[in-house]
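Below you'll find the structure, written out as structure tokens, and then a few comments.
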Amino acid sequence: MQEMKLPRSEEPLLFLRMHVAQAQLECGDIAACKTATANGREQLEQMHHVDASVSASVYYVSRHPQL
């Protein structure tokens with residue numbers, strides 16, 4: 001299934017997942033946000049030549065003081 005994905009389609013999905021994680025954090029769902037940011041960091045580490053806005057979205061949420 002992975003080979004059927006469009007090239008670089010993971011980046012916008014990760015970007016959106018981090019915005020969902022930020023919304024979860026703002027709503028008080030810390031556990032879901034922690035899980036999402038941990039998964040986001042793992043996914044980011046596997047990517048090459050990532051757009052700066054994508055990596056920034058991961059680090060912005062994961063560096064929040066409540067996590």
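Net charge dipole, the chain: roughly 100 debye, given to the nearest 20, about the Cα centre with Cβ charges of +1 for Lys and Arg and -1 for Asp and Glu.
Here 55, 9 are placed in order of increasing Cβ neighbour count within 10 Å, fewest first, which gives 9, 55. Where only DSSP H runs of four or more residues are counted, the chain gives -22000 deg cm²/dmol as its mean residue ellipticity at 222 nm, each run worth -39500 (n - 2.57).
FYI, it's all coordinate maths here, none of it is from the lab. Note that the structure is predicted; figures quoted are calculated from it, not measured. In this analysis, Cβ positions are derived from the backbone assuming ideal geometry, glycine residues included, and neighbour counts consider all displayed protein chains.
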